[in-house]
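Shown next, in structure tokens, is the structure this report addresses.
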Amino acid sequence: MRLTIAVHGHLQHTSAVGQDEMTLTFPDGDAIRVRDILEILNIFEEEVHALTINGRKARVDSALRGRARVEIFPRERRLVGASRMGPDRM
């Protein structure tokens, strides 16, 4: 099984993939799910907004087979402790 992985947004800076695509190879017949790939790439499920496998919407429990392209789109990042009030209103 050969997987091509692409990540978007902040995941390009925080995951093992980086800004380029990554190719992972597994023995044929291995039961691999997207969730397993996320763990390998150091991506928490909570960070994922959407996934595609070969251009089709997928879920973290989707099984991967043969040759596949997996794209991972992150949730919008929120600043911890950010205020809606600007610095001039504090």
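The values are calculated or read from the model by the stated rules, or taken from the named source; none is laboratory data. Remember, it's a predicted structure, so these values are computed and weren't measured experimentally. Cβ sites come from the backbone with ideal geometry, for glycine too, and all protein chains shown count toward neighbours.
Below is a table of values for the structure above.
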read-out: Selection from the range 24-58 of residues that are under 11 Å from the mean Cα position of the chain (by Cα) and either on the phi > 0 side of the Ramachandran plot or among the basic types (K, R) (or both); value: R35, N42
read-out: Residue within the range 32-41 that is loosely packed, with under 10 Cβ neighbours inside 10 Å and acidic (D, E) present; value: no
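Matching residues to (1) at pLDDT 90 or above; (2) more than 14 Å from M22 (Cβ to Cβ):
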{"position": "L38", "(1), (2)": "yes, no"}
{"position": "R56", "(1), (2)": "yes, yes"}
{"position": "E71", "(1), (2)": "yes, no"}
{"position": "R84", "(1), (2)": "no, yes"}
{"position": "P87", "(1), (2)": "no, yes"}
